[in-house]
Amino acid sequence: MISLIDVKKTYTKNQMSTDVLKGINLTINQGDIVCIMGVSGSGKSTLLNIISGLLPLTSGEYYYKDKKLNTNNYNEMEQFRHNNIGIILQEFALIEDFSVYENIALPLRYQKNSSKFINNRTSTMIKKLGLEGKENYYPDELSGGQQQRVAIARALTKEPELIIADEPTGCLDEHNTHILLDIFKELNQQGITIIIATHDKVLSSICNKIFYLKNGLIKEVRGNQTLS
């Protein structure tokens with residue numbers, strides 16, 4: 001499903017270059033739950049942003065379903081995200097002027113679904129993430145954990161074939177962490193591929209493949225155990 005070949009990412013600021021990814025090679029198959037682990041600064045978020053099409057490569061190749069992607073083509077990558085991916089960002093990226101309901105429904109509106117479908121699907125996700133009664137609240141009226149649940153619901157509402165999550169349990173309590181684990185396992189049983197960057201060992205326990213990043217390189221791969 002996903003293949004990265006010798007992927008490198010370099011940031012340049014004030015004529016100073018920093019190599020964040022130094023030659024990543026990895027393969028992720030349809031139906032995998034993949035965990036990317038490593039200390040802060042190891043390149044986890046950069047790798048996720050490249051896979052999700054939010055960042056262009058400096059060099060290397062990115063294949064999705066055997067099609068080579070041009071990560072420097074903004075329109076192509078935007079269409080790629082809308083059609084295939086649900087993204088849960090670490091900073092939530094909620095629209096401040098939109099209510100909880102409007103934020104969660106937004107991907108469905110991009111897809112030009114009917115009002116009835118949008119209402120039914122959005123209401124289902126609100127219930128699943130325990131956000132009943134908060135539909136008309138705005139992001140600045142919510143706690144960090146509630147904002148994170150809105151971001152999760154928004155990413156899942158369009159039923160993407162690939163979910164990318166950057167520290168999705170960072171602001172969740174134990175109860176809501178286990179709700180998210182159950183949601184991820186349920187989605188995976190439907191064939192959805194999930195890629196997670198996390199420090200959370202509980203979250204990593206559901207993954208069938210784990211990549212360990214260190215200094216911009218994959219130093220260790222564990223995986224292909226059977227999920228329970």
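Write out, first by first residue and then by second, each pair whose Cβ atoms fall under 6 Å of each other, whose residues are 6+ apart or on separate chains, and whose first residue, in region 52-80, is more than 22 Å from ALA165 (Cα to Cα) while the second is polar (S, T, N, Q).
THR58/THR10
Of everything in region 162-216, what is assigned to a helix (DSSP H, G or I), free of Cβ contacts under 8 Å to residues at least 40 places away in the same chain and under 21 Å from HIS82 (Cα atoms)? Give them in sequence order.
LEU187
Is it the case, given these coordinates, that LEU57 is touching a Lys or Arg at 6+ places or on another chain (Cβ under 8 Å) and in a loop (DSSP other than H, G, I, E, B)?
Taking the combined requirement at face value, the residue satisfies it.
What do you reckon, is ARG121 closer than 30 Å to TYR212 by Cα, basic (Lys, Arg) and modelled with pLDDT of 95 or more? Even if it seems obvious, please write down each step before you answer.
Numbers: closer than 30 Å to TYR212 by Cα: no; basic (Lys, Arg): yes; modelled with pLDDT of 95 or more: yes.
Judged against the criteria, ARG121 is not a match.
Scan region 189-202 for residues that are surrounded by fewer than 22 Cβ atoms within 10 Å (Cβ to Cβ) and either in contact with a Gly (Cβ under 7 Å, 6 or more places away or on another chain) or among the aliphatic types (A, V, I, L, M) (or both) and report the count. I'd like the intermediate steps shown before the answer.
We begin by selecting, within region 189-202, every residue surrounded by fewer than 22 Cβ atoms within 10 Å (Cβ to Cβ); these are 189-192, 198-202.
Subset that is either in contact with a Gly (Cβ under 7 Å, 6 or more places away or on another chain) or among the aliphatic types (A, V, I, L, M) (or both): 191-192, 202.
Here the count works out to 3.
So which of MET16, MET37 is free of Cβ contacts under 8 Å to residues at least 40 places away in the same chain and either among the aliphatic types (A, V, I, L, M) or in contact with a Phe, Trp or Tyr (Cβ under 6 Å, 6 or more places away or on another chain) (or both)? So that I can check it myself, show each step before the final result.
Working: MET37 fails: free of Cβ contacts under 8 Å to residues at least 40 places away in the same chain.
Result: MET16 is the single residue among MET16, MET37 that is free of Cβ contacts under 8 Å to residues at least 40 places away in the same chain and either among the aliphatic types (A, V, I, L, M) or in contact with a Phe, Trp or Tyr (Cβ under 6 Å, 6 or more places away or on another chain) (or both).
Consider region 3-25. How many of its residues are aliphatic (A, V, I, L, M) and either modelled with pLDDT under 95 or farther than 16 Å from LEU213 by Cβ (or both)? Can you show your working first?
Our first condition is that a residue be aliphatic (A, V, I, L, M); within region 3-25, this holds for 4-5, 7, 16, 20-21, 24.
Within this subset, residues satisfying the condition of being either modelled with pLDDT under 95 or farther than 16 Å from LEU213 by Cβ (or both) are 5, 16.
Residues flagged as aliphatic (A, V, I, L, M) and either modelled with pLDDT under 95 or farther than 16 Å from LEU213 by Cβ (or both) within region 3-25 amount to 2.
Can ILE179 be described as farther than 30 Å from VAL7 by Cβ, modelled with pLDDT under 95, of a type in the set (A, V, I, L, M) and out of contact with any helix residue (DSSP H, G or I) (no Cβ under 6 Å at 6 or more places or on another chain)?
Here the answer is yes, as ILE179 does meet what is asked.
Pull up region 67-83, narrow it to residues that are out of contact with any helix residue (DSSP H, G or I) (no Cβ under 7 Å at 6 or more places or on another chain) and over 22 Å from GLU159 (Cα atoms), then point me to the one that is surrounded by the most Cβ atoms within 10 Å (Cβ to Cβ).
Checked region 67-83; the qualifying residue surrounded by the most Cβ atoms within 10 Å (Cβ to Cβ) is ASN73.
Filter region 118-142 down to the residues that are part of a loop (DSSP other than H, G, I, E, B) and either crowded, with 18+ Cβ neighbours inside 10 Å or without any contact (Cβ under 8 Å) to a residue 24 or more places away in the chain (or both), then identify the one that is farthest from the chain's Cα centre (by Cα).
Here the answer is GLY133.
For region 82-117, how many residues meet the condition of being without any contact (Cβ under 8 Å) to a residue 60 or more places away in the chain and assigned to a helix (DSSP H, G or I)?
16
The values are calculated or read from the model by the stated rules, or taken from the named source; none is laboratory data. Note that the structure is a prediction, hence the values are computed from the model and not measured. Every residue, glycine as well, gets a Cβ built from its backbone with ideal geometry; the counts of neighbours run over all protein chains shown.
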